[in-house]
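**Student:** Next up is a structure, given as structure tokens.
The values are calculated or read from the model by the stated rules, or taken from the named source; none is laboratory data. Small disclaimer: the values here were computed from a predicted structure and weren't measured. For neighbour counting, all protein chains shown are included, and Cβ atoms are generated from backbone atoms with ideal geometry for every residue, glycine included.
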Amino acid sequence: MNHLQKWVNLVLSLYLLHHLAACTIVVGNGEKSPAPPLNPRENTLTNLSETPTSNYLQVLDSAWTNKVNADKNPVERYHQSPNARSPLFFWNKLQGDSNALNQLRTFGKLGIWHMWYHNGQLVEQIYLPIGDANTFNQLQAEVQATGIFTWRIWSKGPWSGSKKQRGNWQVMIRDDQAMYLSCGGQPCQYHISVK
């Protein structure tokens with residue numbers, strides 16, 4: 001590798017470190033975890049029309065909500081801008097099939113990342129586990145019986161319930177292989193404005 005290539009690699013690494021330092025990475029159980037690899041253009045919102053999408057998980061339903069009940073469903077769906085002092089959660093109902101089970105079998109885990117953007121900047125990545133070795137048999141039985149499994153999952157927004165959460169929010173969803181979940185062949189993008 002020549003000096004120019006080394007310099008370019010160093011600059012790119014520093015750029016990524018600078019942008020990743022601005023966001024928090026949280027695991028569903030509150031522990032930090034390595035985030036899926038980002039490419040520099042994903043730290044801010046851009047046109048993702050040519051971004052590859054996941055082929056083993058689908059979004060059946062999504063909602064911005066104030067909380068999730070014991071049945072793992074949204075309590076109140078926000079269809080308009082919530083007040084900044086209201087809690088802000090993003091909830092999904094996902095569907096997986098035998099391809100998702102193969103991912104779980106191969107990698108020993110299956111999950112998604114909620115990528116939270118505030119006013120166009122990535123501020124938090126939250127890993128949400130769907131399955132592991134302990135849930136494999138349950139998910140496999142559901143796929144054998146119906147051809148699919150479903151899973152409800154959610155994350156709480158950064159600064160939820162505080163004045164700091166005012167502004168435009170977007171959540172995008174990535175799988176364990178750093179592929180965005182698809183909505184009509186394009187990466188799913190969910191928006192809400194908090195006043």
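**Student:** Out of (1) at pLDDT below 95; (2) in contact with a Leu (Cβ under 6 Å, 6 or more places away or on another chain); (3) under 26 Å from Asn83 (Cα atoms), what's the single condition that is false for Gln103?
**Tutor:** (3)
**Student:** Still on this model: Filter the stretch 66-112 down to residues that are closer than 18 Å to Ser182 by Cβ and either touching a Pro at 6+ places or on another chain (Cβ under 6 Å) or of a type in the set (Val, Ile, Thr) (or both), then give me how many there are.
**Tutor:** Adding up the residues that qualify gives 2.
**Student:** Here is a follow-up. Tell me which residues, restricted to the stretch 155-184, are surrounded by fewer than 19 Cβ atoms within 10 Å (Cβ to Cβ), under 17 Å from the mean Cα position of the chain (by Cα) and farther than 17 Å from Ala84 by Cα.
**Tutor:** Gln177, Ala178, Met179, Ser182, Cys183
**Student:** Could you give every pair whose Cβ atoms fall below 7 Å, whose first residue belongs to the stretch 180-195 and is part of a strand (DSSP E or B), and whose second residue is surrounded by 15 or more Cβ atoms within 10 Å (Cβ to Cβ) and of a type in the set (Asp, Glu), counting only separations of at least 6 or pairs across chains?
**Tutor:** Leu181/Asp175
**Student:** Tell me whether the stretch 114-124 contains one or more residues that are part of a loop (DSSP other than H, G, I, E, B) and among the charged types (D, E, K, R).
**Tutor:** Within the stretch 114-124 (the criterion being part of a loop (DSSP other than H, G, I, E, B) and among the charged types (D, E, K, R)), the answer is no, since none of the residues qualifies.
To keep it simple, each residue is scored yes or no on (1) part of a loop (DSSP other than H, G, I, E, B); (2) touching a His at 6+ places or on another chain (Cβ under 6 Å); (3) within 21 Å of Met115 (Cβ to Cβ); (4) not small (Gly, Ala, Ser).
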{"position": "Ser54", "(1), (2), (3), (4)": "no, no, yes, no"}
{"position": "Leu57", "(1), (2), (3), (4)": "no, no, yes, yes"}
{"position": "Ala63", "(1), (2), (3), (4)": "no, no, yes, no"}
{"position": "Pro82", "(1), (2), (3), (4)": "yes, no, yes, yes"}
{"position": "Gln95", "(1), (2), (3), (4)": "no, no, yes, yes"}
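**Student:** Which residue, of Gln177, Gln140, is part of a helix (DSSP H, G or I) and touching a helix residue (DSSP H, G or I) at 6+ places or on another chain (Cβ under 8 Å)?
**Tutor:** When all the criteria are applied, what remains is Gln140.
**Student:** Here's something else I'd like to know. Out of Gln144, Gln80, I need the residue that is closer than 15 Å to Ile192 by Cα, without any contact (Cβ under 8 Å) to a residue 12 or more places away in the chain and exposed (fewer than 15 other Cβ atoms within 10 Å of the Cβ). Which one?
**Tutor:** Gln80
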